[in-house]
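Derivation of every value follows stated rules applied to the coordinates shown; laboratory data play no part. In this text the structure is predicted, and so the values were computed from the model without any measurement. Methodologically, a virtual Cβ is constructed for each residue, glycine included, from the backbone with ideal geometry; neighbour enumeration extends over all protein chains shown.
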């Protein structure tokens, strides 16, 4: 009987130890940095899960690609974000280069997105980082 109790206690201890290491998690709320000059781009950044699970109803971030009704219609790439204070930033590129469409196509539920916008509202740089650290504990 003693051996059985000792084995059960060892397994229970192992379970407790394993559950203590759930993995690194990082909250990246949506941040909007507007440029005061026309020579420096404005920037938006944040993680998809942090925006989705934010306590407010304002925060979001994302990028997408849309095409027209015909095969010759130009594609449009759009990135948009809004922080908890309601400040937003949007950019678009018509007929985006392949590297931009590939970057936007990489967006997932665990993505951190950062995009830059010039004074004409065009996306000038898009970064996507997919990592388990951005997943919200609810997933």
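So, in nm, how far is label residue 108 from label residue 73 when the simple model puts each one 7 Å beyond its Cα toward the Cβ?
3.0
On a full-extension model of 0.36 nm per residue, what is the gain between residue 53 and residue 88, subtracting their alpha-carbon distance, rounded to one decimal in nm?
Stretched out fully, the residue 53 to residue 88 stretch lengthens by 10.8 nm.
Arrange 58, 50 by Cβ neighbour counts within 10 Å, fewest through most, would you?
Fewest-to-most ranking of 58, 50: 58, 50.
For 104, 30, what's the fewest-to-most ordering of other Cβ within 10 Å of each Cβ?
Fewest-to-most ranking of 104, 30: 104, 30.
Can you give the FRET efficiency for residue 133 and residue 36, using 1/(1 + (r/R0)^6), R0 = 35 Å, r = Cβ-Cβ distance, to the nearest 0.05?
0.60
What ranking of 28, 127 emerges when the number of other C-beta atoms within 10 Å of each C-beta is taken as an exposure proxy, fewest first?
Details: 28 19, 127 12.
In increasing order of surrounding Cβ atoms, one gets 127, 28.
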